Amino acid sequence: MSTCAALRIMPDTENYLDIQGGASLAGEVVISGSKNACLPILAATLLAKGTSHIENVPKLKDVYTLADVLRSLGAKVKWTGDSSLSVDTSDVSCLEPDPELVKKMRASVLVMGPLFARFGQAMIPLPGGCSLGKRPIDLHLTGMQMLGGTVVEKPDSVMVKLSSGTRPVATNIKLHFPSVGATENIMMASALADGVTIIENAAREPEIIDLADFISEMGAKVLGAGDHTITVVGTETLRATGHRVIPDRIEAGTYLVAGAISGGKITLLDTRPDHMTTLLNQLASTGCKITTEPDRITIDAPDVIRPTDVRTLPYPGFPTDVQPQFMALMVKAAGESLFVEKIFERRFLAADDLIRMGADIRVLENCALINGGKRLTGCEVQATDIRAAAALMIAGIWAEGTTRLKGLEHFYRGYERPIEKLTGLGVKIKDASEKHSHSEVSS
Ligand code: UD1
């Protein structure tokens, strides 16, 4: 265990929810702030001394975990409104997040870049593998090394420390893969570097642009975010600031797919269709009618869904985080579809349970062939990661009878008030443990 402040223990969420299949979704749903944008932005508050105010923060478990990580380092984190968090980093003194928290959520490694940049040192417990397969952090570490850090690897942790001087040294870094987390850690570390850092083959996700905007608001200059090459003009000190997080394109995608499988018509509010072009095109190719305005999307789904092949890729390609949900949709589609997963080595975790519900899916390494069209039957299923949980929930909406979804802790990691939102759209869904149904668990 870390020697830092004691941590809040999250309650057990090993419970289940029951989904009654057959509803046709209708109505409107408000999309929350982006989990994956929020986590690096909260980590980036560590770059400056003072209080930052972050708005449109979703109340979900991964955010609570990152808040606990920041607290364990000495920050004061408080909810100041329904979806606003203030983070006061004035008293941060601990440079090692708690291993138990890092184990819960790999994104905790995002504190490495800012701690290294501001304090010249960070000790990061190794997150290890996860249900999606091996997830190394070699690109993060190479980035810190190139910015003037010495990396000392121990069996269960890694220390990065400035080799000399008091600031990271600006450099040119070419990533061999456009890793989202590595791009974020390097952007944060180089914001306090002496000089101009260029990151080539950077990740291009909208969450990268949101982080770049936040770092720029703190006083560094970040150019080219959203493109392959990002330029960060470092500065000696940064200031705490305010920021509003972008809408969650993965949550939005999940509700769109739920609407599609149900044959319903729903409208997403507070969303960004321009962040979801590939997914919207793919949904359109299944026969769904999609209409967009700058901050809303309506999907009107036909009874018969056409099959379409899916190949996940870094943004702007098809997002791996919507692949399991889309697979559930293709189980309904009338015909064959081929899935090729290019980001993670094991991301067909929902397939076995979909097969138990009656789906015809054959998985071979990173490919899955789905022969769709057979009606699913509800049964007890077990989620093993956030998006597999969403996929099984979506399958349950279409299945005959009741689907009992276990492993809810995964669902609540990534979705804000899912029961309330789904119920509002007409899904008959009940969390057996009411205390968790709004996922306002702690913090
Ligand atoms: C982020 C998202 C996650 C999403 C993923 C891909 C957050 C909090 N999480 O995760 O939801 O599924 O992007 O869009 O934003 N890799 C290496 N070495 C590294 C880093 C990554 O080999 O140092 C590999 C990984 O093992 C994986 C691939 O690169 O196979 C993609 O990982 P990465 O883009 O880094 O994803 P995360 O930032 O972990």
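What to note about this one:
- Dipole-positive endmost among 172, 223, 123 within the range 35-244 (Cβ charges, Cα centre): 123
- Centroid-to-centroid separation of the range 84-113 and the range 169-196 [C-alpha atoms, Å]: 19
- Principal-axis tilt of helix 206-218 within the chain, Cα atoms, nearest 10 degrees: 30
- Helix axis angle, 35-44 relative to the chain longest principal axis, alpha carbon, degrees: 10
- Annotation: the residues 213, 62, sorted from fewest to most other C-beta atoms within 10 Å of their own C-beta, follow the order 213, 62.
- Qualifying chymotrypsin sites (Phe, Trp or Tyr not before Pro) for the range 327-426 [loop in DSSP, other Cβ within 10 Å: at most 14]: none
- Of 406/428; 49/161; 161/342, those spanning more than 23 Å from alpha-carbon to alpha-carbon: 161/342
- Against the rule of thumb 2.2 N^0.38 Å, how large the Cα Rg of the chain comes out: 0.96
- Among 243, 53, 176, the order by Cβ neighbours within 10 angstrom, fewest to most, reads 176, 53, 243.
- Sorted peptide list for 379-390, 181-192, 217-228, criterion being average Cβ within 10 angstrom, highest first: 181-192, 379-390, 217-228
- Beta bridges per DSSP with both ends in the range 35-244, % antiparallel, nearest 5: 75
- Among 313, 73, sorting on how many other beta-carbon atoms sit within 10 Å of each Cβ, with the fewest leading, yields 313, 73.
- Volume in Å³ per residue [convex hull over Cα atoms, computed for the range 35-244]: 99
- Seen against the Cα atoms of the chain and their longest principal axis, helix 386-398 is set at about 20 degrees.
- Think of the range 35-244 as having a plus end and a minus end, set by charges on the Cβ of Lys, Arg, Asp and Glu; of 149, 73, 56, 73 sits farthest toward the positive end of this dipole.
- Rounded to 5, the percent of DSSP beta bridges in the chain classed as antiparallel: 75
- Helix-only [θ]222 nm of the chain, DSSP H runs n ≥ 4, -39500 (n - 2.57) each, per residue, nearest 500: -9000 deg cm²/dmol
- Lysines whose Cα lies under 16 Å from that of residue 104, excluding same-chain neighbours fewer than 8 positions away: 35, 61, 134
We did not get these values from a lab; they are worked out from the coordinates using the rules stated. This structure is a prediction, so every number in the text was calculated from the model and none was measured. Glycine gets a Cβ as well: all are built from the backbone with ideal geometry, and neighbour counts include every protein chain shown.
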